[in-house]
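What follows is a set of notes on a single structure, which appears directly below.
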Amino acid sequence: MRHEISWRIERYDEVSSTNDIAYERALAGETEGLVVVADSQTKGRGRLGRAWFSPAGKNIYLSILLKPDEEKVGVIPFVCGLATNDAFKKFGLETKLKWPNDVVVNEKKIGGILCEYRGEGLVIAGIGVNINTSESEFPEDIKSLATSYLIEAKRELNRDEFVESFLTFFKLWYIKPHFEVVKEAKRRCVTLKRRVKVLLSTCAIEGVACDMDEKGALLIQTNAGLVRIETGDVIHVR
Ligand code: BT5
C-alpha cells in the first residue's frame, strides 16, 4: 500500500487562484502534500474558464499538489468530494455528490472541485467550499444555484477546523483503491437513476444516468443506446 501523505499548509490572504499558486510551487520543486489555502481569490475559476465566486473572510479556497498512482488520477475529484462530504457530516451537515464535480445540498451547490492534470504525474486538486456566505452575499447569477454551511446549518463554522477535518478525510480516501472510491461515490451521487441532459463541447445528450463504471465515467441510457461520458455538464431534468 502507498505511504500516507503528510501535509504542508501554506496560507495566503489573497491569490489569483490557489490552483495557480500550487502549480507555481510545484515548478519551484514542491512535492506531493503541499496545500495552498487562500482567504480570497481574484481569479478563482471553475471548469472551462468559468469564474468561481471567492470573497474574502467567508469560504474555503484550497489546492493540493498530488502525484497519484496512474489508475487513481481520474478519481481524484471523487476523493475531494467524499472528503468534503465527510467533513461537513462531522459538523452536522449532510451533503451529496453531483457528477462529476459538485458537492450539493438539495440540488444546490455548496462546493466545487477543479482537478487539473499538469503532466508528469502531477495533479492540482482545487476545492472551493462555501462556508459562511449568507444568501444575500451571493451574486444574482448564482443565488438560486448556490448554498453555504451558514445557510443550511444556520450557524457559522470555523474555516480552519473544516480544513483540518477535510484533509484528514482526504488522506483516508486517497490511500484506498480507485474502485473503492468510485463505489462510495456512486452511493452518494444524486445524479444516478435520474433523467439527465449532458452538455458536451459540441452537442447535448439526454437519457437516464444508470451507472458509473469503475473509472468513474457516467453511463447514460439514451434512446440510441448506452453512452459513456468522462466529463460534461449535467442537468438533472427531473
Ligand atoms: C467548479 O467548476 O465547480 C469548480 C470550482 C473550483 C473552485 C476552486 S476554489 C480553489 C481552487 N482554485 C481555483 O481557482 N478553483 C478551485 P464548474 O463546474 O465549472 O462550476 C462553475 C459554476 O459554478 C459557475 O459558472 C457558477 O454558475 C457556479 N459558481 C461560481 N461560484 C460559485 C460558488 N462560490 N458557489 C456555488 N456555485 C458557484
Margin query: For a quick check, take a GNM of the chain with Cα springs below 10 Å and name the residue from E140, E24, E214 with the largest mean-square fluctuation.
Written below: E140
Note to self: How long are the semi-axes of the equivalent ellipsoid of the chain, taking √(5λ) for every eigenvalue λ of the Cα gyration tensor, in whole Å from largest down?
What the structure shows: 26, 22, 17
Note to self: Of the candidates S165, S40, S201, which one comes out as most mobile in a Gaussian network treatment of the chain with C-alpha springs shorter than 10 Å?
What the structure shows: S201
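Kirkwood Rh over Cα pairs of the stretch 138-238 into Stokes-Einstein at 10 °C, 1.306 mPa s: D in µm²/s?
Values: Rh = 16.2 Å.
Rounded to a whole number, D works out at 98 µm²/s.
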Next item on the list: Consider just the alpha-carbon atoms of the stretch 186-238 and return their Rg together with their Dmax, both in angstrom.
Entry: 10.0, 30
Check: Residue by residue through the stretch 106-122, which ³J(HN,Hα) values in whole Hz follow from phi under the Karplus form 6.51 cos²θ - 1.76 cosθ + 1.60 (θ = phi - 60°), with glycine and proline marked x?
Finding: 6, 6, 9, 8, 10, x, x, 10, 10, 9, 10, 8, 10, x, 6, x, 8
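Ranked highest first by the average count of other Cβ atoms within 10 Å around their residues, in what order do 228-238, 77-87, 29-39 fall? Each step should come with its number before you reach the end.
Details: 228-238: 14.3, 77-87: 25.7, 29-39: 17.9.
Highest to lowest by the protection proxy: 77-87, 29-39, 228-238.
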Next item on the list: Would you kindly derive the ³J(HN,Hα) couplings of the stretch 72-79 from the backbone phi angles with the Karplus curve 6.51 cos²θ - 1.76 cosθ + 1.60 (θ = phi - 60°), listing them in order in whole Hz, with x for Gly and Pro?
Entry: 9, 3, x, 9, 4, x, 6, 4
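Give me D for the stretch 14-126 in µm² s⁻¹, whole number, from Stokes-Einstein with Rh from the Kirkwood sum over alpha-carbon pairs, 20 °C and 1.002 mPa s. Provide the component values of the computation, followed by the final result.
Working: Rh = 14.5 Å.
Rounded, D is 148 µm²/s.
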Next item on the list: Over the Cα atoms of the stretch 49-110, compute the convex hull volume and normalise it per residue, giving Å³.
Entry: 129
Notebook entry, point to check: Among I235, L114, V35, whose Cα sits farthest toward the positive end of the charge dipole of the chain (+1 at Cβ of Lys/Arg, -1 at Cβ of Asp/Glu, about the Cα centre)?
Noted result: I235
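May I ask you to give the solvent-accessible area per residue for the chain, in square angstrom, as obtained with a 1.4 angstrom probe?
Each residue of the chain exposes 49 Å² on average to a 1.4 Å probe.
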Item checked: In sequence order, calculated HN-Hα J values of the stretch 220-225 (Karplus, 6.51, -1.76, 1.60; Hz; x Gly/Pro) -> 10, 7, 10, 4, 8, x
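The values are calculated or read from the model by the stated rules, or taken from the named source; none is laboratory data. Everything numeric here is computed off the predicted structure, so don't read it as measured data. No Cβ is skipped: glycine too gets one built from the backbone with ideal geometry, and neighbour counts run over all protein chains shown. These area figures cover heavy atoms from the full protein model, side chains too; ligands, DNA and RNA do not enter into them. Shrake-Rupley method; radii C 1.70, N 1.55, O 1.52, S 1.80 Å.
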